[in-house]
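*Asks:* Take a look at the following structure, please.
The values are calculated or read from the model by the stated rules, or taken from the named source; none is laboratory data. From a predicted model like this one, the values you see are computed outputs, not experimental measurements. Backbone-built Cβ (ideal geometry, glycine too); neighbour counts: all protein chains shown. Accessible surface areas use protein heavy atoms only, side chains included; no ligands, DNA or RNA. Shrake-Rupley method; radii C 1.70, N 1.55, O 1.52, S 1.80 Å.
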Protein chains: 2
Amino acid sequence: MKKLINAIDAVITEQMEGMALAHADLLRVNLEPKFIVRADAPVADKVALVSGGGSGHEPLHGGFVGMGMLAGACPGEIFTSPTPDQMYACGLAVNSGAGVLLIVKNYTGDVLSFETAAELLHGDGVPVRTVLVDDDVAVKDSLYTAGRRGVGGTVIVEKIAGAAAEAGYDLAQVAELAQRVSISSRSMGMALTSCTTPAAGKPTFELGDDEIEIGIGIHGEPGQRRMPITDADAITTLLAEEILDDGAYTRTVRSFDPDAGDWVEQTLTSAPFQPGDRVIALVNSMGGTPASELYTVYRKLAHICEARNITIARRLIGAYITSLEMQGCSITLTRADDEMLRLWDAPVHTPALRWGV
Amino acid sequence: MKKLINAIDAVITEQMEGMALAHADLLRVNLEPKFIVRADAPVADKVALVSGGGSGHEPLHGGFVGMGMLAGACPGEIFTSPTPDQMYACGLAVNSGAGVLLIVKNYTGDVLSFETAAELLHGDGVPVRTVLVDDDVAVKDSLYTAGRRGVGGTVIVEKIAGAAAEAGYDLAQVAELAQRVSISSRSMGMALTSCTTPAAGKPTFELGDDEIEIGIGIHGEPGQRRMPITDADAITTLLAEEILDDGAYTRTVRSFDPDAGDWVEQTLTSAPFQPGDRVIALVNSMGGTPASELYTVYRKLAHICEARNITIARRLIGAYITSLEMQGCSITLTRADDEMLRLWDAPVHTPALRWGV
């Protein structure tokens, strides 16, 4: 294992310390328990977005803390859910009174921890809501979660909902919008190589020199299938068609309702993509694939969308939700309306995403 | 070899096509000969910065084309200098009459091609100057160049000189400033792994499972030495001390003087870093190292600088000058005065670097 790390049990702490030293104007870190908050938190009268999850997916989530995006982020150990006490402490630190929206990627551990945190915050009088992101079309049900996994759509949700919070939407409005962006997003990823967690010291999975994994999860968990290595156009077509041909997807989502003081279930349906749609496209590196290669993927994706009369209205090309040093890519498409595009364009200032300021 | 590419001889063309599709608001690409220019080039009354070099170092240089940075970039084949006809055509495309500054990384092939291009442009009546970047403290003279190689300092030169051009500095002023930033910059890199060029299909060099290379070049060319893998703090200390302990470095630089219509030689000296200096720090991924690991490097670098009473006034942490998918990092420090910091902070809008807009 070759990594730029020191002691294995200090990896996350030292990365957080590095972030604090580099971005003191944007964020503060707390190490006991671990969370990262906006430097100016709590921001008066603004809803605070908190997300979190296992580390190893940077810049998600800590790199998205700042003006116009997350108020707080809770990093777990690598590929391991953070604990409810982190989320609870982080929620208290960022709540201005306007409430906290917890953005939860759909993994069993994350869901359970955030549910406990939501109840703790509610018990303390903090207005709290939750939104689930489950955009990965590769698999339904897995070792890691029931239903679809939460992947690249999370980046889009955090940007748009963050802009809405900054614009003064109230908690119910931000939550409704975030859930709408979530169900408008579909993603699929692939791996050229495995990754190695510091604690394991060896690759998470084995992949032959001439094999790739289609539908890979962001923890290196199995995807749809393995196949011989092929070219970028064929890989892009595979990923894009799974996303674009995915039918209506209906699931029941539990979310916390602060008015009822309890969990409510909603049945939500993601409508398929259609000609005439405008989308935000994320072409994402799994960490070890350089940006140059992503442009070849984007080129083919643009051609595929054009042929289907789908307009890529905005795009993000780079490493935004990663799996350590894994090589490979993922594609996320989010059907976007005028409101979402306007909020997408709104200023953002975080370590990993910045524009308009 | 596993990469997201199609036909090997189409790699650069397709990446450029992808950039054109993704960033039509920022840039235009020309494929015969290959160059990338600002979408709004030529910009009236503004000096135009043109750089270029072998591909494989993305986002350098094409990812830095846009408002406040480069007017044009000329990508060669991977790790291969572009040709004078590319630079000549690019220079003509971006020249508004205010002239063109060619930013040249110190590699023999780049230097020769840019010299020919400068003479061709001058012959066509284009006011042209050149600036050399030679900031790599790892080696003096190598297979690739006489003197020090040009590496991460190039990013800093392009940002600051680009802001100066945008602010209306004339050609002589931009050139003088760019040369001053160049000699105020020192860099050093290291590799955890090799990289593989598509044409070769196998690693550029062999590195044992427990070995790292200190002082690596951005083409995988040999560095200072190999050593057993060690921790991030030790690696950061090695790189930072080479940079911070480097003495006065004097060299003779040829640059084109449009008034004389000929090449002039200047003797330039880089002064050593000293307590009280303010610096811009670049902690750079060689391509395959994820941003998370760079924060551990930044953490140690910040401690080292603090102990020497050197203030990191600005910093950039990410993949800005890469070697395909190589894992490893480099550190660049640029001694910065008020003018440089003000220009650093000025708005920039390129695919890879954006703020203030």
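*Asks:* Is it the case that A:V174 is open to solvent by less than 10 Å² (accessible area, probe 1.4 Å), closer than 24 Å to A:Q274 by Cβ and not small (G, A, S)?
*Replies:* When the stated conditions are applied, A:V174 does not pass them.
*Asks:* State all residues of the stretch B:34-58 that are more than 10 Å from B:P75 (Cα to Cα) and touching a residue at least 40 places away in the same chain (Cβ under 8 Å); if no residue qualifies, say none.
*Replies:* Within the stretch B:34-58, B:V37, B:R38, B:A41, B:P42, B:V43, B:A44, B:D45, B:K46, B:V47, B:A48, B:L49, B:V50 qualify.
*Asks:* Follow-up. Among the strands (runs of 3 or more DSSP E) lying completely within the stretch B:261-353, list those that include at least 1 residues that are under 27 Å from A:A7 (Cα atoms).
*Replies:* B:278-285, B:311-318, B:328-335
*Asks:* Now, a different point. Quick check on the stretch A:287-324: of everything there that is of a type in the set (F, W, Y) and open to solvent by 10 Å² or more (accessible area, probe 1.4 Å), which residue is farthest from the other protein chains (Cβ to nearest Cβ)?
*Replies:* Across the stretch A:287-324, the extreme among qualifying residues is A:Y320.
*Asks:* Take A:A352 and decide whether it is buried (at least 19 other Cβ atoms within 10 Å of the Cβ), at the interface with another protein chain (Cβ under 10 Å from one of its Cβ atoms) and either hydroxyl-bearing (S, T, Y) or over 30 Å from B:T193 (Cα atoms) (or both).
*Replies:* So A:A352 does not fit the description; no.
*Asks:* A further question follows. Would you say A:L101 is of a type outside the set (V, I, T) and open to solvent by less than 40 Å² (accessible area, probe 1.4 Å)?
*Replies:* Spelling it out, A:L101 is indeed of a type outside the set (V, I, T) and open to solvent by less than 40 Å² (accessible area, probe 1.4 Å).
*Asks:* Determine which member of the set A:A138, A:A93, A:A98, A:A117 is assigned to a loop (DSSP other than H, G, I, E, B) and farther than 30 Å from A:T236 by Cβ.
*Replies:* Among A:A138, A:A93, A:A98, A:A117, only A:A98 is assigned to a loop (DSSP other than H, G, I, E, B) and farther than 30 Å from A:T236 by Cβ.
*Asks:* Hey, any hits in the stretch A:122-131 for a residue that's modelled with pLDDT of 95 or more, more than 13 Å from the chain's Cα centre (by Cα) and part of a helix (DSSP H, G or I)?
*Replies:* yes
*Asks:* Here's a follow-up. In the stretch A:220-253, how many residues are assigned to a loop (DSSP other than H, G, I, E, B) and within 12 Å of chain B (Cβ to nearest Cβ)?
*Replies:* 3
*Asks:* Under 7 Å between Cβ atoms, which residue pairs at least 6 apart in sequence (or on different chains) link something in the stretch A:220-249 that is surrounded by 15 or more Cβ atoms within 10 Å (Cβ to Cβ) with a partner that is hydroxyl-bearing (S, T, Y) and in a helix (DSSP H, G or I)?
*Replies:* From the stretch A:220-249, the pairs are A:A232/A:T296.
*Asks:* Within the stretch B:296-321, how many residues turn out to be more than 19 Å from B:I156 (Cα to Cα) and among the polar types (S, T, N, Q)?
*Replies:* The total comes to 2.
*Asks:* Between residues in the stretch A:160-177 that are within 10 Å of A:V47 (Cα to Cα) and residues that are of a type in the set (D, E) and crowded, with 24+ Cβ neighbours inside 10 Å, which pairs lie under 8 Å by C-beta distance while being six or more apart or on different chains?
*Replies:* none
*Asks:* Scan the stretch B:168-176 and tell me whether some residue there is in a helix (DSSP H, G or I), away from chain A (no Cβ under 14 Å), under 16 Å from the mean Cα position of the chain (by Cα) and among the aliphatic types (A, V, I, L, M).
*Replies:* Checking the stretch B:168-176: at least one residue is in a helix (DSSP H, G or I), away from chain A (no Cβ under 14 Å), under 16 Å from the mean Cα position of the chain (by Cα) and among the aliphatic types (A, V, I, L, M).
*Asks:* Residue check: is A:S330 buried (at least 24 other Cβ atoms within 10 Å of the Cβ) and more than 8 Å from chain B (Cβ to nearest Cβ)?
*Replies:* Considered against the rule, which asks whether it is buried (at least 24 other Cβ atoms within 10 Å of the Cβ) and more than 8 Å from chain B (Cβ to nearest Cβ), A:S330 comes out as yes.
*Asks:* Find the residue count for the stretch B:174-218, including only residues that are among the polar types (S, T, N, Q), in contact with a Phe, Trp or Tyr (Cβ under 9 Å, 6 or more places away or on another chain) and over 22 Å from B:E242 (Cβ atoms).
*Replies:* Selection size over the stretch B:174-218: 2.
*Asks:* A follow-up question, please. For the stretch A:141-162, give me the residue count where each residue is touching a Phe, Trp or Tyr at 6+ places or on another chain (Cβ under 7 Å) and surrounded by fewer than 24 Cβ atoms within 10 Å (Cβ to Cβ).
*Replies:* Total meeting the criteria: 2.
*Asks:* Under the condition of being hydrophobic (A, V, I, L, M, F, W, C) and surrounded by fewer than 24 Cβ atoms within 10 Å (Cβ to Cβ), which residue from the stretch A:190-211 is nearest to A:L294 (Cα to Cα)?
*Replies:* A:L207
*Asks:* How many residues does the stretch A:207-216 hold that are assigned to a loop (DSSP other than H, G, I, E, B) and either under 22 Å from A:V151 (Cβ atoms) or of a type in the set (S, T, N, Q) (or both)?
*Replies:* 3
*Asks:* A further question follows. Restricting attention to the stretch A:180-204, report how many residues are part of a loop (DSSP other than H, G, I, E, B) and of a type in the set (A, V, I, L, M, F, W, C).
*Replies:* Here the count works out to 4.
*Asks:* Within the stretch B:1-60, can you find the residues that are at the interface with chain A (Cβ under 7 Å from one of its Cβ atoms) and either under 23 Å from the mean Cα position of the chain (by Cα) or of a type in the set (S, T, N, Q) (or both)?
*Replies:* Answer for the stretch B:1-60, where residues must be at the interface with chain A (Cβ under 7 Å from one of its Cβ atoms) and either under 23 Å from the mean Cα position of the chain (by Cα) or of a type in the set (S, T, N, Q) (or both): B:N6, B:E14, B:Q15, B:E17, B:G18, B:M19, B:A22, B:E58, B:P59.
*Asks:* Something else: Residue check: is B:D85 more than 14 Å from every other protein chain (Cβ to nearest Cβ), open to solvent by 40 Å² or more (accessible area, probe 1.4 Å) and without any contact (Cβ under 8 Å) to a residue 60 or more places away in the chain?
*Replies:* For B:D85, the condition - more than 14 Å from every other protein chain (Cβ to nearest Cβ), open to solvent by 40 Å² or more (accessible area, probe 1.4 Å) and without any contact (Cβ under 8 Å) to a residue 60 or more places away in the chain - is met.
*Asks:* From the list B:S323, B:S292, B:S330, exactly one residue is small (G, A, S), touching a strand residue (DSSP E or B) at 6+ places or on another chain (Cβ under 9 Å), without any contact (Cβ under 8 Å) to a residue 12 or more places away in the chain and within 30 Å of B:P75 (Cα to Cα). Which is it?
*Replies:* Checking each option against the conditions leaves just B:S292.
*Asks:* Exactly one of these conditions fails for A:G76: (1) part of a helix (DSSP H, G or I); (2) away from every other protein chain (no Cβ under 13 Å); (3) small (G, A, S). Give me its number.
*Replies:* In the conditions (1) part of a helix (DSSP H, G or I); (2) away from every other protein chain (no Cβ under 13 Å); (3) small (G, A, S), A:G76 misses (1) alone.
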